[in-house]
Amino acid sequence: MGTAQESDKIAQLKEYIKNGQLVVYSESSILLDSNSSSITYVDFCPDGNYYLNYEGSYTVRGTQNTSNRDNRGYGAGTSASSGTWDIIMNMNAFYLAAKDQSGGVNYYPININNLLSGKWKVGNTTYVFAQNHAKCL
């Protein structure tokens, strides 16, 4: 069991995240013959549920130096899922615990400075967190 101070920090994080929306935009490098992008919306509802919507697409160019080099393959897809979310602390670090409908749990580290800034980038992925923008049922 954590200390009262840890519980206060967890409660503050939950208050900040609940009713917020995280948008994750990922794209492949422009240096590749193929490209892909995806956007994911995660809504963190005050009742402890989350709703995730994903949209992705890709384009693959034909191989070089062959007759099909100008041909392209395309694809797109969407998915939606939901589950429950919570904040936990482990080894002095905060994690978002996301439990899906099948009972599987994923743990995502929380960088508080990134979260407070509202926008950050890691490689080819951009993250945006907006308080009070969740689309909850």
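The values are calculated or read from the model by the stated rules, or taken from the named source; none is laboratory data. This is a predicted model, so every value here is computed, not measured. Don't worry about glycine lacking a Cβ; one is built from the backbone with ideal geometry, like all the others, and counts go over all protein chains shown.
I need the full set of residues from region 84-95 which are under 16 Å from Y51 (Cβ atoms) and either exposed (fewer than 14 other Cβ atoms within 10 Å of the Cβ) or charged (D, E, K, R) (or both), in order please. Hit for region 84-95 is D86, nothing else. Of the candidates A80, A98, A134, the single residue that is touching a residue at least 24 places away in the same chain (Cβ under 8 Å), under 17 Å from the mean Cα position of the chain (by Cα) and loosely packed, with under 11 Cβ neighbours inside 10 Å is A80.
Note on region 101-118: residues that are over 17 Å from the mean Cα position of the chain (by Cα) and of a type in the set (F, W, Y) amount to 0. Across region 34-80, the qualifying residues are those that are assigned to a loop (DSSP other than H, G, I, E, B) and modelled with pLDDT of 85 or more, and the one among them that is nearest to V105 (Cα to Cα) is G48. In region 1-33, of all residues being assigned to a strand (DSSP E or B) and modelled with pLDDT under 90, the one that is surrounded by the most Cβ atoms within 10 Å (Cβ to Cβ) corresponds to S26. Among the residues of region 115-137, those identified as in a loop (DSSP other than H, G, I, E, B) and of a type in the set (A, V, I, L, M, F, W, C) are A134, C136, L137.
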